[in-house]
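K.L.:
Provided herewith is a single structure, encoded as C-alpha coordinates, for subsequent inquiry.
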Amino acid sequence: MKVLGIESSCDETGVALYDSARGLLGHRVHSQIDLHAAYGGVVPELASRDHIRRLPLLVRETLAEAGCALSEIDALAYTAGPGLAGALLVGAGAAEALALALDVPALPIHHLEGHLLSPLLAADAPDFPFVALLVSGGHTQLMRVTGVGEYELLGESLDDAAGEAFDKTAKLLGLGYPGGPQLAALAATGSAGRFRLPRPMLNSGDLDFSFSGLKTAVLNVVSAPGWQAADAADLAADFQQAVVEVLVRKALAALRSTGLQRLVVAGGVGANRELRAQLDRAAARRGWRVYYPEAELCTDNGAMIAFAGALRLAAGAGGSREGRIAIRPRWPLAELMRP
Ligand code: ATP
Ligand code: MG
Ligand code: FE
(Lines give C-alpha, C1' and ligand atoms only; values in the text may rest on other atoms or scores of the structure.)
(Ligands and ions follow the chains in the order given, each with its own letter.)
Protein backbone atom coordinates (compact mmCIF):
# COMPACT_ATOMS: atom_id res chain seq x y z
CA MET A 1 0.00 0.00 0.00
CA LYS A 2 1.41 3.38 -1.04
CA VAL A 3 -0.05 6.32 0.86
CA LEU A 4 0.60 9.93 -0.11
CA GLY A 5 0.43 12.12 3.01
CA ILE A 6 -0.21 15.86 3.02
CA GLU A 7 0.33 18.13 6.03
CA SER A 8 -0.74 21.80 5.98
CA SER A 9 -2.14 22.54 9.44
CA CYS A 10 0.07 25.51 10.22
CA ASP A 11 3.23 26.90 8.67
CA GLU A 12 4.87 23.81 7.18
CA THR A 13 3.80 22.25 3.91
CA GLY A 14 4.69 18.57 4.10
CA VAL A 15 4.28 15.80 1.54
CA ALA A 16 5.46 12.20 1.83
CA LEU A 17 4.97 8.83 0.23
CA TYR A 18 4.87 5.90 2.65
CA ASP A 19 4.80 2.31 1.46
CA SER A 20 3.58 -0.22 4.02
CA ALA A 21 5.99 -2.80 2.56
CA ARG A 22 9.07 -0.65 1.97
CA GLY A 23 8.75 2.27 4.40
CA LEU A 24 9.21 5.95 3.63
CA LEU A 25 9.97 6.34 -0.08
CA GLY A 26 10.05 10.11 -0.39
CA HIS A 27 9.40 13.16 1.73
CA ARG A 28 9.52 16.95 1.39
CA VAL A 29 8.85 19.77 3.82
CA HIS A 30 8.70 23.45 3.05
CA SER A 31 8.83 25.69 6.11
CA GLN A 32 7.24 29.14 5.93
CA ILE A 33 9.40 30.52 8.73
CA ASP A 34 10.91 33.26 6.54
CA LEU A 35 7.45 34.30 5.38
CA HIS A 36 6.13 34.89 8.90
CA ALA A 37 9.34 36.00 10.67
CA ALA A 38 8.71 39.70 10.00
CA TYR A 39 5.39 39.45 11.88
CA GLY A 40 6.78 37.47 14.83
CA GLY A 41 4.13 34.78 14.39
CA VAL A 42 2.11 32.86 11.83
CA VAL A 43 -0.24 35.02 9.67
CA PRO A 44 -3.06 32.59 8.75
CA GLU A 45 -3.96 34.06 5.34
CA LEU A 46 -0.31 34.14 4.22
CA ALA A 47 0.06 30.53 5.41
CA SER A 48 -2.93 29.34 3.32
CA ARG A 49 -1.71 31.08 0.19
CA ASP A 50 1.78 29.68 0.53
CA HIS A 51 0.46 26.13 0.99
CA ILE A 52 -1.38 26.56 -2.33
CA ARG A 53 1.81 27.80 -3.97
CA ARG A 54 4.04 25.00 -2.66
CA LEU A 55 1.92 21.87 -2.72
CA PRO A 56 1.98 20.97 -6.43
CA LEU A 57 5.79 21.12 -6.64
CA LEU A 58 6.24 19.25 -3.35
CA VAL A 59 3.98 16.45 -4.58
CA ARG A 60 5.97 16.19 -7.83
CA GLU A 61 9.31 16.21 -5.98
CA THR A 62 8.15 13.59 -3.49
CA LEU A 63 6.98 11.26 -6.23
CA ALA A 64 10.22 11.80 -8.17
CA GLU A 65 12.28 10.95 -5.09
CA ALA A 66 10.17 7.85 -4.56
CA GLY A 67 10.46 6.89 -8.22
CA CYS A 68 6.71 6.56 -8.26
CA ALA A 69 3.96 7.64 -10.66
CA LEU A 70 0.72 9.29 -9.48
CA SER A 71 -1.16 6.24 -10.72
CA GLU A 72 0.69 4.01 -8.24
CA ILE A 73 -0.78 5.78 -5.20
CA ASP A 74 -3.23 3.56 -3.28
CA ALA A 75 -4.60 6.18 -0.87
CA LEU A 76 -4.33 9.80 0.26
CA ALA A 77 -3.96 10.88 3.89
CA TYR A 78 -4.23 14.50 4.96
CA THR A 79 -4.24 16.52 8.17
CA ALA A 80 -7.89 17.35 8.82
CA GLY A 81 -7.24 19.10 12.17
CA PRO A 82 -6.50 20.58 14.56
CA GLY A 83 -4.96 23.64 12.94
CA LEU A 84 -5.67 26.85 11.03
CA ALA A 85 -8.92 26.45 9.06
CA GLY A 86 -7.66 28.08 5.87
CA ALA A 87 -4.38 26.18 5.94
CA LEU A 88 -6.13 22.85 6.59
CA LEU A 89 -8.52 23.49 3.69
CA VAL A 90 -5.62 23.66 1.23
CA GLY A 91 -4.21 20.23 2.12
CA ALA A 92 -7.67 18.70 2.47
CA GLY A 93 -8.80 20.11 -0.87
CA ALA A 94 -5.68 18.89 -2.65
CA ALA A 95 -5.86 15.41 -1.11
CA GLU A 96 -9.58 14.92 -1.71
CA ALA A 97 -9.24 16.15 -5.31
CA LEU A 98 -6.30 13.83 -6.00
CA ALA A 99 -8.15 10.92 -4.42
CA LEU A 100 -11.19 11.59 -6.55
CA ALA A 101 -9.11 11.86 -9.71
CA LEU A 102 -7.18 8.65 -8.96
CA ASP A 103 -10.29 6.85 -7.65
CA VAL A 104 -8.58 5.89 -4.38
CA PRO A 105 -9.72 6.55 -0.78
CA ALA A 106 -8.79 9.68 1.17
CA LEU A 107 -8.26 9.53 4.94
CA PRO A 108 -8.61 12.58 7.20
CA ILE A 109 -5.88 12.35 9.86
CA HIS A 110 -5.63 13.96 13.29
CA HIS A 111 -2.42 16.01 13.40
CA LEU A 112 -1.56 14.90 16.93
CA GLU A 113 -2.05 11.25 16.03
CA GLY A 114 0.56 11.89 13.34
CA HIS A 115 3.01 13.29 15.90
CA LEU A 116 2.16 10.54 18.37
CA LEU A 117 2.82 7.67 15.97
CA SER A 118 5.90 9.22 14.32
CA PRO A 119 8.41 7.40 16.59
CA LEU A 120 7.04 4.15 15.14
CA LEU A 121 8.59 5.18 11.82
CA ALA A 122 12.08 4.86 13.29
CA ALA A 123 14.19 1.74 12.66
CA ASP A 124 14.03 0.83 16.35
CA ALA A 125 10.30 1.30 16.97
CA PRO A 126 8.48 0.61 20.25
CA ASP A 127 5.61 -1.89 20.57
CA PHE A 128 2.23 -0.92 22.02
CA PRO A 129 1.35 -0.11 24.77
CA PHE A 130 3.39 2.94 25.73
CA VAL A 131 3.13 6.34 27.38
CA ALA A 132 3.42 9.23 24.93
CA LEU A 133 4.73 12.64 25.88
CA LEU A 134 3.54 15.02 23.19
CA VAL A 135 5.42 18.31 23.43
CA SER A 136 4.76 20.64 20.52
CA GLY A 137 4.05 24.27 19.75
CA GLY A 138 0.38 23.92 20.61
CA HIS A 139 0.19 20.95 22.98
CA THR A 140 1.75 19.39 26.06
CA GLN A 141 0.05 16.09 26.82
CA LEU A 142 0.75 12.74 28.42
CA MET A 143 -1.19 9.84 26.94
CA ARG A 144 -1.55 6.12 27.43
CA VAL A 145 -1.41 4.59 23.95
CA THR A 146 -2.62 1.01 23.61
CA GLY A 147 -3.05 0.89 19.82
CA VAL A 148 -3.80 2.97 16.75
CA GLY A 149 -6.67 5.28 17.70
CA GLU A 150 -6.57 4.18 21.34
CA TYR A 151 -5.41 7.22 23.27
CA GLU A 152 -6.22 7.98 26.88
CA LEU A 153 -5.34 11.48 28.06
CA LEU A 154 -3.46 11.29 31.38
CA GLY A 155 -2.62 14.96 31.78
CA GLU A 156 -2.00 18.15 29.83
CA SER A 157 -0.96 21.78 30.10
CA LEU A 158 -3.58 24.00 31.67
CA ASP A 159 -2.20 27.05 29.84
CA ASP A 160 0.79 27.49 27.48
CA ALA A 161 2.26 24.50 25.65
CA ALA A 162 5.95 23.75 26.27
CA GLY A 163 6.92 24.87 22.75
CA GLU A 164 4.86 28.03 23.12
CA ALA A 165 6.71 28.79 26.37
CA PHE A 166 10.03 28.30 24.59
CA ASP A 167 8.93 30.61 21.76
CA LYS A 168 7.53 33.35 24.02
CA THR A 169 10.56 33.26 26.32
CA ALA A 170 12.87 33.46 23.30
CA LYS A 171 11.00 36.59 22.23
CA LEU A 172 11.53 38.11 25.69
CA LEU A 173 15.25 37.46 25.31
CA GLY A 174 15.26 39.15 21.92
CA LEU A 175 15.86 35.97 19.93
CA GLY A 176 14.39 35.46 16.46
CA TYR A 177 11.26 33.56 15.46
CA PRO A 178 10.50 30.74 16.08
CA GLY A 179 12.52 30.89 19.22
CA GLY A 180 12.57 27.33 20.58
CA PRO A 181 15.67 26.04 18.79
CA GLN A 182 17.48 29.39 19.23
CA LEU A 183 16.71 29.47 22.95
CA ALA A 184 18.00 25.90 23.26
CA ALA A 185 21.21 26.87 21.42
CA LEU A 186 21.72 29.87 23.72
CA ALA A 187 21.02 27.72 26.79
CA ALA A 188 23.79 25.35 25.74
CA THR A 189 26.29 28.20 26.16
CA GLY A 190 25.10 29.14 29.67
CA SER A 191 24.77 27.40 33.01
CA ALA A 192 21.56 26.84 34.93
CA GLY A 193 20.91 27.61 38.60
CA ARG A 194 21.48 31.35 38.97
CA PHE A 195 17.94 32.66 38.67
CA ARG A 196 15.87 30.24 40.73
CA LEU A 197 12.95 30.08 38.31
CA PRO A 198 9.82 28.24 39.51
CA ARG A 199 9.00 24.62 38.59
CA PRO A 200 5.25 25.05 37.98
CA MET A 201 3.06 22.18 39.24
CA LEU A 202 6.08 19.97 39.88
CA ASN A 203 4.44 18.60 43.03
CA SER A 204 0.79 18.96 42.01
CA GLY A 205 0.24 15.24 42.43
CA ASP A 206 -1.39 14.93 38.99
CA LEU A 207 -0.04 14.73 35.45
CA ASP A 208 -1.01 18.25 34.37
CA PHE A 209 1.37 21.07 33.47
CA SER A 210 1.46 24.86 33.53
CA PHE A 211 4.08 26.94 31.74
CA SER A 212 2.71 30.48 31.55
CA GLY A 213 4.04 31.44 35.00
CA LEU A 214 7.53 30.43 33.95
CA LYS A 215 7.44 32.87 31.07
CA THR A 216 6.26 35.60 33.48
CA ALA A 217 9.12 34.77 35.85
CA VAL A 218 11.56 35.29 32.98
CA LEU A 219 9.86 38.60 32.15
CA ASN A 220 10.37 39.71 35.75
CA VAL A 221 14.08 38.89 35.58
CA VAL A 222 14.70 40.76 32.33
CA SER A 223 12.69 43.81 33.40
CA ALA A 224 14.39 44.14 36.82
CA PRO A 225 16.97 46.91 37.21
CA GLY A 226 20.47 45.61 36.79
CA TRP A 227 19.52 43.05 34.13
CA GLN A 228 22.36 42.59 31.66
CA ALA A 229 22.08 41.06 28.23
CA ALA A 230 25.30 39.19 29.04
CA ASP A 231 23.28 37.05 31.47
CA ALA A 232 20.86 35.87 28.79
CA ALA A 233 22.62 32.53 28.23
CA ASP A 234 22.42 31.63 31.93
CA LEU A 235 18.76 32.68 32.07
CA ALA A 236 18.02 30.60 28.96
CA ALA A 237 19.72 27.61 30.59
CA ASP A 238 17.66 28.13 33.75
CA PHE A 239 14.42 28.34 31.77
CA GLN A 240 15.23 25.22 29.77
CA GLN A 241 16.16 23.33 32.93
CA ALA A 242 12.87 24.31 34.60
CA VAL A 243 10.80 23.07 31.64
CA VAL A 244 12.84 19.88 31.25
CA GLU A 245 12.67 19.09 34.96
CA VAL A 246 8.87 19.29 35.02
CA LEU A 247 8.51 17.29 31.79
CA VAL A 248 10.86 14.54 33.02
CA ARG A 249 9.24 14.30 36.46
CA LYS A 250 5.70 14.05 35.06
CA ALA A 251 6.65 11.62 32.31
CA LEU A 252 8.21 9.31 34.90
CA ALA A 253 5.12 9.66 37.09
CA ALA A 254 2.95 8.67 34.10
CA LEU A 255 5.04 5.55 33.54
CA ARG A 256 4.83 4.69 37.21
CA SER A 257 1.06 5.18 37.43
CA THR A 258 0.34 3.17 34.27
CA GLY A 259 2.89 0.47 35.06
CA LEU A 260 4.35 0.87 31.56
CA GLN A 261 8.07 0.89 30.76
CA ARG A 262 8.15 2.53 27.34
CA LEU A 263 7.98 6.27 26.80
CA VAL A 264 7.50 7.78 23.36
CA VAL A 265 8.35 11.46 22.89
CA ALA A 266 6.84 13.38 19.97
CA GLY A 267 6.43 16.97 18.80
CA GLY A 268 8.91 19.79 18.14
CA VAL A 269 10.18 20.15 21.71
CA GLY A 270 11.12 16.47 21.51
CA ALA A 271 14.08 17.67 19.44
CA ASN A 272 15.48 19.41 22.54
CA ARG A 273 18.82 17.82 23.43
CA GLU A 274 18.68 18.55 27.14
CA LEU A 275 15.20 17.01 27.40
CA ARG A 276 16.42 13.88 25.61
CA ALA A 277 19.55 13.57 27.73
CA GLN A 278 17.70 13.91 31.02
CA LEU A 279 14.83 11.62 29.98
CA ASP A 280 17.28 8.95 28.77
CA ARG A 281 19.28 9.13 32.00
CA ALA A 282 16.23 8.97 34.28
CA ALA A 283 14.66 6.10 32.31
CA ALA A 284 17.90 4.09 32.09
CA ARG A 285 18.27 4.25 35.86
CA ARG A 286 14.92 2.44 36.16
CA GLY A 287 15.41 0.02 33.28
CA TRP A 288 12.86 1.84 31.13
CA ARG A 289 13.28 3.07 27.55
CA VAL A 290 12.57 6.28 25.69
CA TYR A 291 11.79 6.36 21.96
CA TYR A 292 12.01 9.39 19.68
CA PRO A 293 11.12 10.13 16.08
CA GLU A 294 13.98 10.73 13.64
CA ALA A 295 15.18 14.31 14.24
CA GLU A 296 13.68 15.69 11.02
CA LEU A 297 10.29 14.13 11.82
CA CYS A 298 9.94 15.89 15.21
CA THR A 299 8.32 19.01 13.77
CA ASP A 300 5.47 19.06 11.27
CA ASN A 301 5.86 16.85 8.22
CA GLY A 302 3.89 14.77 5.72
CA ALA A 303 5.59 11.49 6.62
CA MET A 304 3.80 11.16 9.94
CA ILE A 305 0.47 11.84 8.20
CA ALA A 306 1.12 9.28 5.44
CA PHE A 307 2.22 6.77 8.10
CA ALA A 308 -0.86 7.33 10.30
CA GLY A 309 -2.98 6.89 7.18
CA ALA A 310 -1.25 3.63 6.31
CA LEU A 311 -1.72 2.28 9.86
CA ARG A 312 -5.41 3.22 9.79
CA LEU A 313 -5.90 1.56 6.41
CA ALA A 314 -4.16 -1.57 7.69
CA ALA A 315 -6.48 -1.53 10.72
CA GLY A 316 -9.51 -1.52 8.47
CA ALA A 317 -10.34 2.17 7.97
CA GLY A 318 -11.98 2.69 4.61
CA GLY A 319 -11.51 6.39 4.01
CA SER A 320 -13.86 8.33 1.76
CA ARG A 321 -14.22 8.43 -2.01
CA GLU A 322 -16.73 11.25 -2.18
CA GLY A 323 -14.35 14.18 -2.39
CA ARG A 324 -15.92 15.58 0.77
CA ILE A 325 -13.55 18.01 2.44
CA ALA A 326 -13.76 17.29 6.15
CA ILE A 327 -11.60 19.62 8.19
CA ARG A 328 -11.88 20.10 11.96
CA PRO A 329 -9.82 23.10 13.15
CA ARG A 330 -10.64 22.23 16.79
CA TRP A 331 -10.53 18.52 17.37
CA PRO A 332 -9.76 17.01 20.80
CA LEU A 333 -7.66 13.87 20.39
CA ALA A 334 -10.01 12.10 22.81
CA GLU A 335 -12.78 12.39 20.18
CA LEU A 336 -10.73 10.58 17.57
CA MET A 337 -12.30 7.32 16.44
CA ARG A 338 -10.61 3.96 16.30
CA PRO A 339 -10.01 2.84 12.71
P1 ATP B 1 0.95 21.35 17.26
O2 ATP B 1 1.55 20.13 16.68
O3 ATP B 1 0.65 21.25 18.71
O4 ATP B 1 -0.20 21.84 16.46
P5 ATP B 1 3.19 22.71 16.08
O6 ATP B 1 2.91 21.84 14.92
O7 ATP B 1 3.39 24.16 15.85
O8 ATP B 1 2.06 22.52 17.18
P9 ATP B 1 5.65 21.31 16.23
O10 ATP B 1 5.90 21.61 14.79
O11 ATP B 1 5.52 19.91 16.63
O12 ATP B 1 4.46 22.16 16.81
O13 ATP B 1 6.84 21.93 17.07
C14 ATP B 1 7.19 23.28 16.99
C15 ATP B 1 7.59 23.75 18.38
O16 ATP B 1 8.77 23.04 18.80
C17 ATP B 1 7.94 25.22 18.42
O18 ATP B 1 7.33 25.79 19.56
C19 ATP B 1 9.46 25.21 18.53
O20 ATP B 1 9.96 26.34 19.19
C21 ATP B 1 9.69 23.96 19.34
N22 ATP B 1 11.05 23.43 19.20
C23 ATP B 1 11.65 22.96 18.09
N24 ATP B 1 12.92 22.57 18.35
C25 ATP B 1 13.13 22.81 19.67
C26 ATP B 1 14.24 22.63 20.56
N27 ATP B 1 15.39 22.13 20.15
N28 ATP B 1 14.06 22.99 21.85
C29 ATP B 1 12.89 23.49 22.29
N30 ATP B 1 11.82 23.69 21.51
C31 ATP B 1 11.93 23.36 20.22
MG1 MG C 1 5.38 24.89 12.54
FE1 FE D 1 2.59 19.82 14.90
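The values are calculated or read from the model by the stated rules, or taken from the named source; none is laboratory data. The shown structure was predicted, so the numbers you read here are calculated from the model rather than taken from an experiment. Neighbour counts run over all protein chains shown; Cβ positions are idealised from the backbone, glycine included.
K.L.:
Of the conditions (1) within 12 Å of ligand 1 (Cβ to nearest atom); (2) closer than 26 Å to Asp159 by Cβ; (3) in contact with a helix residue (DSSP H, G or I) (Cβ under 7 Å, 6 or more places away or on another chain), Asp300 clears all except one; give me its number.
P.N.:
Every listed condition holds for Asp300 apart from (3).
K.L.:
Return a yes/no flag: does the stretch 276-296 have any residue that is outside any helix (DSSP H, G or I) and more than 25 Å from Leu24 (Cβ to Cβ).
P.N.:
Within the stretch 276-296 (the criterion being outside any helix (DSSP H, G or I) and more than 25 Å from Leu24 (Cβ to Cβ)), the answer is yes, since at least one residue qualifies.
K.L.:
Which of (1) in contact (Cβ under 8 Å) with a residue 24 or more places away in the chain; (2) under 29 Å from Phe209 (Cα atoms) does Thr146 not meet, given it meets every other one?
P.N.:
Unmet condition: (1).
K.L.:
Can you name the condition, by its number, that Leu58 falls short on among (1) within 16 Å of ligand 2 (Cβ to nearest atom); (2) without any contact (Cβ under 8 Å) to a residue 24 or more places away in the chain; (3) aliphatic (A, V, I, L, M)?
P.N.:
Leu58 satisfies every listed condition except (2).
K.L.:
Conditions first: (1) near ligand 1 (Cβ under 9 Å from one of its atoms); (2) touching a strand residue (DSSP E or B) at 6+ places or on another chain (Cβ under 6 Å). Met143 passes all but one, so which condition is the exception?
P.N.:
(1)
K.L.:
Next question, about the same structure. Quick test for you: out of Ile109, Ile73, pick the one residue that is within 16 Å of Asp300 (Cα to Cα) and either among the β-branched types (Val, Ile, Thr) or at pLDDT 95 or above (or both).
P.N.:
Ile109
K.L.:
Only one of Ala132, Ala165 is within 18 Å of Arg289 (Cα to Cα) and assigned by TED's automatic domain parsing to the domain that holds Leu219. Can you tell me which?
P.N.:
On the way: Ala165 fails: within 18 Å of Arg289 (Cα to Cα).
Only one candidate passes the filter, namely Ala132.
K.L.:
What number of residues in the stretch 28-41 are in a strand (DSSP E or B) and within 15 Å of ligand 1 (Cβ to nearest atom)?
P.N.:
So the answer is 3.
K.L.:
Also, I was wondering about something else. Hey, can you tell me all the residues within the stretch 135-162 that are among the hydroxyl-bearing types (Ser, Thr, Tyr) and either farther than 20 Å from Met201 by Cβ or not assigned by TED's automatic domain parsing to the domain that holds Asp280 (or both)? So that I can check it myself, show each step before the final result.
P.N.:
Filtering the stretch 135-162 down to residues among the hydroxyl-bearing types (Ser, Thr, Tyr) leaves 136, 140, 146, 151, 157.
Correct list: Thr146, Tyr151.
K.L.:
Please verify whether Ala161 is small (Gly, Ala, Ser) and crowded, with 22+ Cβ neighbours inside 10 Å, treating the condition exactly as stated.
P.N.:
yes
K.L.:
Could you give me the residue pairs with C-beta distances under 9 Å whose first residue belongs to the stretch 295-320 and is at pLDDT below 95, whose second residue is assigned to a helix (DSSP H, G or I) and among the basic types (Lys, Arg) wherever it lies, and which are 6+ apart or on separate chains?
P.N.:
Gly319/Arg312
K.L.:
I've got another one for you. Which condition from (1) part of a strand (DSSP E or B); (2) of a type in the set (Phe, Trp, Tyr); (3) within 16 Å of ligand 2 (Cβ to nearest atom) is the one that Tyr18 breaks?
P.N.:
(3)
K.L.:
Additional query: Search the stretch 94-116 for residues being more than 10 Å from the chain's Cα centre (by Cα), in contact (Cβ under 8 Å) with a residue 40 or more places away in the chain and assigned to a helix (DSSP H, G or I), and hand back the single one that is surrounded by the fewest Cβ atoms within 10 Å (Cβ to Cβ).
P.N.:
The extreme case among them is Ala97.
K.L.:
Scan the stretch 26-55 and report the pairs whose first residue is outside the structural domain of Glu164 (by TED's automatic domain parsing) and closer than 23 Å to Phe307 by Cβ and whose second residue is more than 13 Å from ligand 1 (Cβ to nearest atom) and of a type in the set (Lys, Arg), with Cβ atoms within less than 6 Å and a gap of 6+ or a chain change.
P.N.:
His30/Arg54
K.L.:
Report, by residue number, each residue of the stretch 125-143 that is farther than 17 Å from Tyr18 by Cα, surrounded by fewer than 21 Cβ atoms within 10 Å (Cβ to Cβ) and either β-branched (Val, Ile, Thr) or more than 17 Å from the chain's Cα centre (by Cα) (or both).
P.N.:
Listed by number, the residues that qualify are Pro126, Asp127, Phe128, Pro129.
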